[in-house]
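*Asks:* Just dropping this structure here.
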Amino acid sequence: MLLDTPISTIMTRDVFILGAGDPLWQAATLFNDHNLRHAPVTSQGRLVGMLSLVDLKRVPAGALVESTADQGREIVADLMSRDPRTVQAGDPVRDLAQLFTENDFHAVPVLEGTRIVGIVSTTDLIRFFWDELEGEA
């Protein structure tokens, strides 16, 4: 059944991961250079947060410019959403759809155990359902 499809089939596998201590200007550059909307954040190899493009847009532009005077500059940990919800790669898209329906976020890290193996967004889910509907027509 369509809703039993594993999340691993619709996730993005090439994930850009930020460090909690990375300067915000570096995160903004990464988002801009790779057209990102969300990125998982780790500290000491452990998932600790998510940063979104919406989060970055809330920051004054001056904080997003590289500076030689890093003192007083914001880091990713200052802005990220902490303790993000996650899904496992083998979980069915049904669980993902329910998670997005019941919460106000648009992407989650995909894990195998505790290792980040992908990211999946509401756009990925919509595209999956759209492609399936188009295939039936």
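*Asks:* Where the second residue is at pLDDT 95 or above and aromatic (Phe, Trp, Tyr) and the first is on the phi < 0 side of the Ramachandran plot and lies in the stretch 17-33, which pairs have Cβ atoms under 8 Å and are six or more apart or on separate chains?
*Replies:* Short answer, once both residue conditions are applied: 30/16.
So that you can scan it fast, the table gives a plain yes or no per residue for (1) at pLDDT 95 or above; (2) surrounded by 15 or more Cβ atoms within 10 Å (Cβ to Cβ):
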residue	(1), (2)
59	no, yes
66	no, no
69	no, no
77	yes, yes
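*Asks:* Something else now. Can you find a residue in the stretch 59-71 that is assigned to a strand (DSSP E or B) and in contact (Cβ under 8 Å) with a residue 40 or more places away in the chain?
*Replies:* No, that holds for no residue.
*Asks:* Output yes when any residue across the stretch 43-54 is within 21 Å of residue 3 (Cα to Cα), assigned to a helix (DSSP H, G or I), touching a residue at least 12 places away in the same chain (Cβ under 8 Å) and not charged (D, E, K, R), and no when none is.
*Replies:* no
*Asks:* Let me ask something additional. Taking the conditions exactly as written (under 24 Å from residue 1 (Cβ atoms), of a type outside the set (Lys, Arg), assigned to a helix (DSSP H, G or I) and at pLDDT below 90), does residue 99 satisfy them or not?
*Replies:* no
*Asks:* Going through 52, 43 one at a time, which residue ends up being under 19 Å from residue 111 (Cα atoms), at pLDDT 95 or above and surrounded by fewer than 16 Cβ atoms within 10 Å (Cβ to Cβ)?
*Replies:* After ruling out the rest, the residue left standing is 43.
*Asks:* Still on this structure, I have one more. Within the bounds of the stretch 17-30, is there any residue that is modelled with pLDDT of 95 or more and among the aromatic types (Phe, Trp, Tyr)?
*Replies:* The answer is no, given that none of the residues of the stretch 17-30 is modelled with pLDDT of 95 or more and among the aromatic types (Phe, Trp, Tyr).
The values are calculated or read from the model by the stated rules, or taken from the named source; none is laboratory data. Since we're looking at a predicted model, the values are computed, not measured. With ideal geometry, Cβ positions are generated from the backbone for all residues, glycine too; neighbour counts draw on all protein chains shown.
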